1. What's the number of the condition residue 70 fails, among (1) closer than 21 Å to residue 14 by Cα; (2) free of Cβ contacts under 8 Å to residues at least 12 places away in the same chain?
2. Among the candidates 187, 193, which residue alone is in contact with a strand residue (DSSP E or B) (Cβ under 6 Å, 6 or more places away or on another chain) and within 18 Å of residue 310 (Cα to Cα)?
3. Tally up the residues in region 104-118 that are touching a Cys at 6+ places or on another chain (Cβ under 9 Å) and under 9 Å from residue 81 (Cα atoms), please.
4. With respect to residue 199, determine if the residue is surrounded by 22 or more Cβ atoms within 10 Å (Cβ to Cβ) and in a loop (DSSP other than H, G, I, E, B).
5. I'd like to know if region 16-37 contains one or more residues that are within 18 Å of the chain's Cα centre (by Cα) and assigned to a helix (DSSP H, G or I).
6. Of everything in region 64-117, what is part of a helix (DSSP H, G or I) and closer than 21 Å to residue 17 by Cβ? Give them in sequence order.
7. Are there any pairs, at least 6 apart or on different chains, whose C-beta atoms fall under 8 Å, with the first in region 228-250 and polar (S, T, N, Q) and the second assigned to a helix (DSSP H, G or I), and if so, which?
8. Could you list, in sequence order, all residues of region 12-53 that are acidic (Asp, Glu) and either buried (at least 21 other Cβ atoms within 10 Å of the Cβ) or within 15 Å of residue 164 (Cα to Cα) (or both)?
Amino acid sequence: MTEKIKTTRDGFGRGLVEAAQKNQLIVGLNADLTDSTRMSAFAQQFPDRFVQVGVAEQNLAGVAAGFALAGKIPFAASYACFQPANCWGVIRTSIAYSNLNVKLVGGHAGLATGEDGATHQSLEDIALMRVLPNMTVIVPADGEEARKATLAAATHQGPVYLRTSKLETGVLTTPETPFDIGRAVLLRPGHTLTLVACGVMVARALQASARLEELGMSAAVLNMHTIKPLDIRALAMALERSPYLITLEDHQAAGGLGSAVAEYLSQQRKEFRLKIMAVKDTFGQSGQGNQLLDYYGLGVEQIIHTSQRVCAFNNCRSDSLNMLGLK
């Protein structure tokens, strides 16, 4: 039996080795964080295809662009607080503008980074990357999905940003769970409202949905693993079930998943109510990842309460509201 992949960074590491075994054009680049980003297994198995650039993220992006121009498929990994933050200009001009086949990996993203503190808790990287033309942005929910996302990125033509985390999420998907770039996955059906989540927040969305069912509410969970291109078909289907949506992300409220969903919904003629649950224009702090998510309003209990309030405010399901005592 294959050992379970505990984190999305572990899934990336396993997926990169698997992709490299299939395609000799794949090369790996790192900014002195080989073990933490889980590129060490690749470096050991393919030493002639691995480049350690040191603590120099701008150089990391530039060298990756050079490899792509030479016909290689470079995977360049660092912490998300360094890449894209420290090398965004190089990414913009040398990679995105040129539409090069570079795969950028931002590890240790979000509050889930935990004890490393605010300087290392990247809460802006999704916004930085999804604003770039030609850039695909993927935020997998668990280790297995990160493995499949890495394999998909390797065969995708064009620049990709893959966001990973060191927080253990548990097993949410299986090898049989479909994964296609730009195609969200409905992990749990429901008709009262839809929880649209990405990354580590998918696990919390599933926990909240199970609890809400016990309270008489039917909350669908949509794993929006690709932020760009956004799966507007899945969102349209969600609106057919219910006009009430809540987005969940370990990221600033500005510019992330919630913003992407809001941009789409604002162009639709259908009525809807959207609540964005994310970090509210602040930096993080040192602490355990799960505790920080709770502290900044992203806990399971907070998701449940927000779901109840959204329904109570809109009088959306009289049968559910009666059971909750909110009507």
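1. Going through the list (1) closer than 21 Å to residue 14 by Cα; (2) free of Cβ contacts under 8 Å to residues at least 12 places away in the same chain, residue 70 breaks only (1).
2. Values: 187 fails: within 18 Å of residue 310 (Cα to Cα).
Criteria check complete, one pass: 193.
3. Residues meeting the conditions: 3.
4. Working: surrounded by 22 or more Cβ atoms within 10 Å (Cβ to Cβ): yes; in a loop (DSSP other than H, G, I, E, B): yes.
For residue 199, the condition - surrounded by 22 or more Cβ atoms within 10 Å (Cβ to Cβ) and in a loop (DSSP other than H, G, I, E, B) - is met.
5. yes
6. Of all residues in region 64-117, those part of a helix (DSSP H, G or I) come to 64-69, 88-96, 111-116.
Within region 64-117, 64, 67, 68 qualify.
7. 247/257; 247/258; 247/261
8. Within region 12-53, the first condition is being acidic (Asp, Glu), and the residues that meet it are 18, 32, 35, 48.
The answer is 35, and nothing else.
The values are calculated or read from the model by the stated rules, or taken from the named source; none is laboratory data. Everything numeric here is computed off the predicted structure, so don't read it as measured data. Here the Cβ is made from the backbone with ideal geometry for all residues, glycine too, and neighbour counts use every protein chain on show.
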